[in-house]
Amino acid sequence: MGGSTASTRSKLDAAKNRLTALTGEISSEEAQAQTLQGQLSALEAQISDATNRVAQIDAELVATRRDLGRAAAQADRLQTKLNTMARTLFMQGAGSMQEALLGPLLASSSMGDLGDLLTTGQVVAQSNADLAARVANVKAELGFKTADLNELRAEQVQLMAQLSAERTSKVQAVAHQQAVLGDLERTKTEIVDLIARLHKQLRAEALASVGTAFQGRGHVAYGAWAGLFLRTVGAPGCRENLIALVAWQYSEFTQAEWNPLADTLAMPGSTSFNSVGVQNYVSLDQGLQATRYTLVNGAALGYGAILSELGSCAYPMSTARAINASMWCRGCVGGLYVVNDIPKVEANYDLYAQL
């Protein structure tokens, strides 16, 4: 019998060690996924900013090209007129040129007309010079904007490539995490099955040590916590409720201290257990009160339905569906959060309650 007991303990210890290692790996993967998510969010913001800047530069380029086109067309028209005048004066000769210039001056009927004619040549020449300068300036501005646009587009391409790489890394991290979670679930089942087969040979302290592997240092057995929590929220301590709450704790499978449902509500003296803010509470009572407060004040998150099911001693699967439909962990375990564990807990409640 002694050898059998030792063998049993050895198997349990090996299973617990594997469970502990997998739990640590999950925590690492969760942290990596959170870090990658933060990097992705930052990159997406940078890409959005670069895209907006590219669009703005594109619009400015369109307007600048339009202005340049108008200025160039005006310069061409003015140059054509000047060229025509020059050819006419040249063809008429010097005398004719003087006549062409003096005739209108002598025929002017007022000092205003005379002044206008005298300044016409200057205005035309100055307009030509101003327009040429404007065309040159617009061309230079267009060149600068084109360079800016090319730089922004290069930045955007680089950001897109970086974002793609980060997304690939995140997909790989999530896939790895899912694989670890699957392995963890198999290990949990393996431990429970081993306990189920050999629980008569195990002492109470052996079961307690398994509970420590499942829940960490600050804990009481799943069944004990379920009964205490039902009293805390004023719900009946019926078997239906106990089954639902034990299954909920088993589904969470957290090692956060005094916090078997992985609540994130900060309390005086509590500390963060992981990167998503699950808390380590300082005592059993603080953990119970924090979870009660979260559920009582979370009607908008679907928690009122959970309390209603508990209040009426609903069938465990009905309570589990209310938990699953709430925002507590919607979508977890492939959408099977809690509901997937009700049948096995219901079939062997006394064993799961001791964990």
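Summary of computed values
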| read-out | value |
| --- | --- |
| Unmet requirement for residue 266, which otherwise passes all of (1) open to solvent by 30 Å² or more (accessible area, probe 1.4 Å); (2) in a loop (DSSP other than H, G, I, E, B); (3) in contact (Cβ under 8 Å) with a residue 24 or more places away in the chain; (4) over 24 Å from residue 185 (Cβ atoms) | (3) |
| From 336, 351, residue being within 23 Å of residue 175 (Cα to Cα) and either in contact with a His (Cβ under 8 Å, 6 or more places away or on another chain) or free of Cβ contacts under 8 Å to residues at least 40 places away in the same chain (or both) | 336 |
| Boolean, residue 149 is over 30 Å from residue 346 (Cβ atoms) and open to solvent by less than 50 Å² (accessible area, probe 1.4 Å) | yes |
| Residues (closer than 28 Å to residue 142 by Cα and modelled with pLDDT under 70) located in the range 34-66 | none |
| Leading residue by the ranking (farthest from the chain's Cα centre (by Cα)) among those in the range 338-355 that are of a type in the set (Asp, Glu) and either more than 16 Å from residue 317 (Cβ to Cβ) or not in a helix (DSSP H, G or I) (or both) | 350 |
| Odd one out for residue 217 among (1) within 32 Å of the chain's Cα centre (by Cα); (2) at pLDDT 75 or above; (3) more than 24 Å from residue 319 (Cα to Cα) | (1) |
| Residue identified as buried (at least 16 other Cβ atoms within 10 Å of the Cβ), free of Cβ contacts under 8 Å to residues at least 24 places away in the same chain and of a type outside the set (Gly, Ala, Ser) among 286, 255, 279 | 279 |
| Residue in the range 183-193 that is open to solvent by 50 Å² or more (accessible area, probe 1.4 Å), modelled with pLDDT under 90, within 32 Å of the chain's Cα centre (by Cα) and farther than 18 Å from residue 349 by Cβ present | yes |
| The range 173-184 residues that are within 16 Å of residue 251 (Cβ to Cβ), paired with ones that are open to solvent by less than 20 Å² (accessible area, probe 1.4 Å) and in a helix (DSSP H, G or I) (beta carbon under 6 Å, 6 or more apart) | 184/22 |
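The values are calculated or read from the model by the stated rules, or taken from the named source; none is laboratory data. Everything quoted here is computed from the prediction, not taken from an experiment. Backbone-built Cβ (ideal geometry, glycine too); neighbour counts: all protein chains shown. To get the accessible areas, we keep the full protein, side chains included, count just its heavy atoms, and leave off ligands, DNA and RNA. Shrake-Rupley method; radii C 1.70, N 1.55, O 1.52, S 1.80 Å.
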